[in-house]
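Engineer: My questions will all concern the structure given below.
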Amino acid sequence: MTRALITGVTGPDGMYLAEFLVGKGYEVYGMIRGQNNPLAENVRRSVPSVELVEGDLGDISSLIGVMEQTQPDEVYNLGAISFVGLSFKQPELTANITGLGVLRMLEAIRIVGGSDANPIRFYQASSSEMFGRVRETPQTEMTPFHPRSPYGVAKVFGHNTTVNYREAYGIFACSGILFNHESPRRGLEFVTRKISHAVARIKLGLQDSVALGNLESSRDWGFAGEYVEAMWLMLQQDEPDDYVIATGETYSIREFLDLAFSHIGVEDWASCVVQDARYMRPAEVDLLVGDATKAKEKLGWEPRTPFSELVRMMVESDIEDQANKLEESTIR
Ligand code: F7E
């Protein structure tokens, strides 16, 4: 049985990946931080066969311990401080976990190694935020980086460290440069889920409006559930490499709002959206759009969920969820 270790298993990508790997017959270990991590329950409920092990990206001894304990064939490093907005408020923590955390994982792999016949394969969750103030459009694996946030800067460090450990020590290390990938599992602090959640509550009469920041930025939005397959495909190749994973289309926050509100029959949403300076960032990434040709040609990976379908899926999921909560509260 192939063994996989996932850091960041409590996040949406971690859970989709765990489900995917269990479906492929893997023995899956999920690394969680802290003794009574409340998010562990979500993983136990969604993917019960995942074995949870305790480790911290900020502590190399714990990572070496986890590698020795789980003896993984494949390691997926999805753990990070992943909210760009927070990274401006806690830049040092972000550099430590999102940046240095990658170095610690790779050091643990270099030290523990796996067997000679079967060395550990490593996947690093890199991000389109590394492109920041973009130097060309669309962005490819060859586009230079110009990060615009402490998060982006930390991800560049993690990406470069992954490439360096591959070149210096021959570790099978891949970096997946994933553009925004959304789902009903997204945390409420991220703009897509914040909107779908608010739209559902507006439909049910539970709130009147939503406070947002910059509506003009554009992103390349895909569905997280199918991006995890690309991570796995990277580790099944003969040679380690880096890949952009994206849809090749870009839409603004305004366009997301258009579709989300039209789903509940609201064509003019101006009165439902309040602009709030608290959600503006000190430096913004204006436009991202990825070119995933390499992933298509070498991995055979292609996105399947169009933007309109993604928005519909998220709004419908939140409507169902909010309606259930409302019903439960009236029964009580
Ligand atoms: O912001 C604007 C905001 O926080 C998207 C992470 O998964 O993808 C994600 O990073 C855009 C930005 O995601 C609000 O200013 C407006 O322009 O949903 P977001 P992100 O920053 O693109 C990349 C690929 C990652 O790697 C990250 O880990 O939306 N925006 N109003 C807002 N954003 C938020 N969060 N909240 C607002 O109220």
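Engineer: Just to be sure before I move on: is residue 81 touching a residue at least 40 places away in the same chain (Cβ under 8 Å) and hydrophobic (A, V, I, L, M, F, W, C) in the structure I sent?
Structural biologist: Values: touching a residue at least 40 places away in the same chain (Cβ under 8 Å): yes; hydrophobic (A, V, I, L, M, F, W, C): yes.
Considered against the rule, which asks whether it is touching a residue at least 40 places away in the same chain (Cβ under 8 Å) and hydrophobic (A, V, I, L, M, F, W, C), residue 81 comes out as yes.
Engineer: Identify, from the list 246, 200, the residue that is near the ligand (Cβ under 10 Å from one of its atoms) and surrounded by 17 or more Cβ atoms within 10 Å (Cβ to Cβ).
Structural biologist: Values: 200 fails: near the ligand (Cβ under 10 Å from one of its atoms).
After applying the criteria, what remains is 246.
Engineer: Separate question: Here are some conditions: (1) open to solvent by 10 Å² or more (accessible area, probe 1.4 Å); (2) within 10 Å of the ligand (Cβ to nearest atom). Residue 241 meets all but one. Which one does it not meet?
Structural biologist: In the conditions (1) open to solvent by 10 Å² or more (accessible area, probe 1.4 Å); (2) within 10 Å of the ligand (Cβ to nearest atom), residue 241 misses (2) alone.
Engineer: Restricting attention to the stretch 55-99, report how many residues are among the small types (Gly, Ala, Ser), farther than 30 Å from residue 214 by Cα and surrounded by fewer than 24 Cβ atoms within 10 Å (Cβ to Cβ). Even if it seems obvious, please write down each step before you answer.
Structural biologist: In the first step, residues of the stretch 55-99 are kept if they are among the small types (Gly, Ala, Ser); the result is 55, 58, 61-62, 65, 79-80, 82, 85, 87, 95, 99.
Still in the running and farther than 30 Å from residue 214 by Cα: 55, 58, 61-62, 65.
Next, only the ones that are surrounded by fewer than 24 Cβ atoms within 10 Å (Cβ to Cβ) stay: 58, 61-62, 65.
Selection size over the stretch 55-99: 4.
Engineer: Restricted to the stretch 110-130, and to residues that are in contact with a Lys or Arg (Cβ under 9 Å, 6 or more places away or on another chain) and either of a type in the set (A, V, I, L, M, F, W, C) or open to solvent by 60 Å² or more (accessible area, probe 1.4 Å) (or both), which residue is farthest from residue 229 (Cα to Cα)?
Structural biologist: Checked the stretch 110-130; the qualifying residue farthest from residue 229 (Cα to Cα) is 130.
Engineer: If you don't mind, there's one more thing I want to ask. Return the residues of the stretch 1-24 that are under 16 Å from residue 183 (Cβ atoms) and among the hydroxyl-bearing types (Ser, Thr, Tyr); say none if nothing qualifies. Step through it out loud before you land on a result.
Structural biologist: Of the stretch 1-24, the ones under 16 Å from residue 183 (Cβ atoms) are 8-20.
Across the stretch 1-24, the qualifying residues are 10, 16.
Engineer: Restricting to strands (runs of 3 or more DSSP E) lying wholly in the stretch 1-78: which have 1 or more residues that are of a type in the set (Asp, Glu)? Talk me through it step by step, then tell me what you get.
Structural biologist: Values: elements: 3-7, 27-32, 51-54, 74-77.
Passing ranges, in order: 27-32, 51-54, 74-77.
Engineer: Based on this model, can you work out whether residue 274 counts as modelled with pLDDT of 95 or more, buried (at least 21 other Cβ atoms within 10 Å of the Cβ), in a strand (DSSP E or B) and within 12 Å of the ligand (Cβ to nearest atom)? Quick ask: steps written out before the conclusion?
Structural biologist: Numbers: modelled with pLDDT of 95 or more: yes; buried (at least 21 other Cβ atoms within 10 Å of the Cβ): no; in a strand (DSSP E or B): yes; within 12 Å of the ligand (Cβ to nearest atom): yes.
For residue 274, the condition - modelled with pLDDT of 95 or more, buried (at least 21 other Cβ atoms within 10 Å of the Cβ), in a strand (DSSP E or B) and within 12 Å of the ligand (Cβ to nearest atom) - is not met.
Engineer: Same structure, new question: Take residue 244 and tell me if it is farther than 25 Å from residue 126 by Cα and among the β-branched types (Val, Ile, Thr).
Structural biologist: Numbers: farther than 25 Å from residue 126 by Cα: no; among the β-branched types (Val, Ile, Thr): yes.
In short, no.
Engineer: Also, I was wondering about something else. Could you list all residues from the stretch 277-303 that are more than 14 Å from the ligand (Cβ to nearest atom) and either surrounded by 12 or more Cβ atoms within 10 Å (Cβ to Cβ) or within 20 Å of residue 83 (Cβ to Cβ) (or both)?
Structural biologist: At the first step, the residues of the stretch 277-303 found to be more than 14 Å from the ligand (Cβ to nearest atom) are 291, 293-303.
Listed by number, the residues that qualify are 291, 293, 294, 295, 296, 298, 299, 301, 302, 303.
Engineer: For the stretch 1-57, what are the residues that are among the basic types (Lys, Arg) and more than 16 Å from residue 74 (Cβ to Cβ)? Walk me through it before giving the result.
Structural biologist: At the first step, the residues of the stretch 1-57 found to be among the basic types (Lys, Arg) are 3, 24, 33, 44-45.
33, 44, 45, listed by residue number.
Engineer: Taking the stretch 276-317 on its own, how many of its residues are among the acidic types (Asp, Glu) and closer than 30 Å to residue 150 by Cβ? Break it down into steps so the answer makes sense when it comes.
Structural biologist: Residues of the stretch 276-317 among the acidic types (Asp, Glu): 276, 284, 286, 291, 297, 302, 309, 316.
Okay, now just the ones that are also closer than 30 Å to residue 150 by Cβ, so 276, 284, 286, 291.
Residues flagged as among the acidic types (Asp, Glu) and closer than 30 Å to residue 150 by Cβ within the stretch 276-317 amount to 4.
Engineer: So, one more: Among the listed residues 161, 192, identify the single one that is of a type in the set (Ser, Thr, Tyr) and either within 12 Å of the ligand (Cβ to nearest atom) or open to solvent by 20 Å² or more (accessible area, probe 1.4 Å) (or both).
Structural biologist: Values: 161 fails: either within 12 Å of the ligand (Cβ to nearest atom) or open to solvent by 20 Å² or more (accessible area, probe 1.4 Å) (or both).
192 is the lone residue from the list that is of a type in the set (Ser, Thr, Tyr) and either within 12 Å of the ligand (Cβ to nearest atom) or open to solvent by 20 Å² or more (accessible area, probe 1.4 Å) (or both).
Engineer: Given (1) in contact (Cβ under 8 Å) with a residue 60 or more places away in the chain; (2) surrounded by 18 or more Cβ atoms within 10 Å (Cβ to Cβ), identify the lone condition not met by residue 28.
Structural biologist: In the conditions (1) in contact (Cβ under 8 Å) with a residue 60 or more places away in the chain; (2) surrounded by 18 or more Cβ atoms within 10 Å (Cβ to Cβ), residue 28 misses (1) alone.
Engineer: Test residue 257 against the criterion of being closer than 19 Å to residue 189 by Cβ and either within 11 Å of the ligand (Cβ to nearest atom) or free of Cβ contacts under 8 Å to residues at least 40 places away in the same chain (or both), and give yes or no.
Structural biologist: Numbers: closer than 19 Å to residue 189 by Cβ: yes; either within 11 Å of the ligand (Cβ to nearest atom) or free of Cβ contacts under 8 Å to residues at least 40 places away in the same chain (or both): yes.
Considered against the rule, which asks whether it is closer than 19 Å to residue 189 by Cβ and either within 11 Å of the ligand (Cβ to nearest atom) or free of Cβ contacts under 8 Å to residues at least 40 places away in the same chain (or both), residue 257 comes out as yes.
Engineer: Related question: Search the stretch 206-217 for residues that are farther than 27 Å from residue 287 by Cβ and pair each with any residue that is more than 8 Å from the ligand (Cβ to nearest atom) when their beta-carbon atoms are under 8 Å apart and the residues are at least 6 apart or on different chains.
Structural biologist: Hits for this filter: 206/322; 206/326; 207/198; 207/201; 208/202; 208/272.
The values are calculated or read from the model by the stated rules, or taken from the named source; none is laboratory data. This is a predicted model, so every value here is computed, not measured. For neighbour counting, all protein chains shown are included, and Cβ atoms are generated from backbone atoms with ideal geometry for every residue, glycine included. Areas reflect the complete protein model, heavy atoms only, side chains present, ligands, DNA and RNA absent. Shrake-Rupley method; radii C 1.70, N 1.55, O 1.52, S 1.80 Å.
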